[in-house]
Amino acid sequence: MKILHQSDAPLEMLGDEPRRRYTTDHLRLVITDIPAGHVEKEHRHDRLGEAIWVLAGEVEIWERDADGVTTETIGEGDLVVFSPGRFHNVANRSTVPARMLTVKFA
């Protein structure tokens, strides 16, 4: 058993996004507050899957593959799962902050 306390995941800033990262050997859990109007950079994880659960507000998510880009807006309580190696992105196009719980897993 491994217990991670809040003090094990100090608040950090990535640009203007405050985050807390809880990390073990096979799992990374990130709590992110996304300011209104913020767009993350498109990215992918070669070996990790990623699940995003919207805790508050709404975010626009998109995934790019050989057939093009799929875009959808999801809100509080919604979950999206990205497979490893797929380019994806998150944006807060609203006028209020959003909060997400992201789980990256091997």
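The values are calculated or read from the model by the stated rules, or taken from the named source; none is laboratory data. This one's a predicted model, so the numbers in the text were calculated from it and none came from an experiment. Neighbour counts run over all protein chains shown; Cβ positions are idealised from the backbone, glycine included. Note: accessible area is taken over every heavy atom of the protein model, side chains too, but ligands, DNA and RNA are not part of it. Shrake-Rupley method; radii C 1.70, N 1.55, O 1.52, S 1.80 Å.
Using Cα-Cα distances under 8 Å and only pairs 6 or more residues apart, what relative contact order does the chain have, in percent? Walk me through the intermediate numbers first.
On the way: 249 pairs, mean separation 37.1, N = 106.
35 percent.
When all C-alpha to C-alpha distances in the chain are sorted into bins of 5 Å, what percent of pairs does each bin hold, rounded to whole numbers?
3, 12, 21, 25, 21, 12, 4, 1, 0
Return the sequence-ordered ³J(HN,Hα) values of the stretch 15-29 in whole Hz as given by the Karplus equation 6.51 cos²θ - 1.76 cosθ + 1.60 applied to θ = phi - 60°, using x for Gly and Pro.
The phi angles translate into x, 9, 9, x, 9, 10, 10, 10, 10, 10, 5, 10, 8, 10, 10 Hz.
Summing Lys, Arg as +1 and Asp, Glu as -1, what charge do residues with Cβ under 9 Å from the Cβ of Val103 carry, Val103 excluded? Don't skip to the answer; put the middle values down first.
On the way: positive: Arg28, Lys104; negative: Glu50.
Within the 9 Å Cβ shell, the charges total +1.
Give the accessible area for Leu29 in Å² (nearest 10); use a 1.4 Å probe, count only protein heavy atoms, and leave out ligands, DNA and RNA.
50
Taking loop as defined by DSSP and a crowding limit of 12 other beta carbons within 10 Å, which trypsin sites (Lys or Arg not before Pro) in the stretch 9-100 fit? Show your work: numbers first, answer last.
On the way: sites: Arg19, Arg20, Arg21, Arg28, Lys41, Arg44, Arg47, Arg64, Arg86, Arg93, Arg99; in loops: Lys41, Arg44, Arg47, Arg86, Arg93.
When the trypsin sites (Lys or Arg not before Pro) of the stretch 9-100 are filtered for loop state and at most 12 Cβ neighbours within 10 Å, Lys41, Arg47 remain.
For the chain, with all protein chains present and a 1.4 Å probe, just round the carbon and sulfur fraction of the accessible area to a whole percent.
Numbers: 3420 of 6600 Å².
So the carbon and sulfur contribution to the accessible surface is 52 percent.
With charges set only on the Cβ (+1 for Lys and Arg, -1 for Asp and Glu), what does the dipole of the chain come to about its Cα centre, in debye to the nearest 20?
Values: 13 positive and 18 negative charges, 80 e Å.
That gives the chain a dipole magnitude of about 380 debye.
Please check the chain for the longest run free of GluC sites (Glu not before Pro) that are loop-located per DSSP (anything but H, G, I, E, B) and have at most 13 other Cβ atoms within 10 Å. Intermediate values should be presented prior to the final figure.
On the way: sites that count: Glu42, Glu76.
Result for the longest clean stretch: 1-41.
Show the residues, 5+ positions off or on another chain, whose built amide H is closer than 5 Å to the amide H of Asn89.
Hits under the 5 Å cutoff: Trp62.
For the stretch 1-85, what is the accessible area per residue in Å², given a 1.4 Å probe and the full set of protein chains?
66
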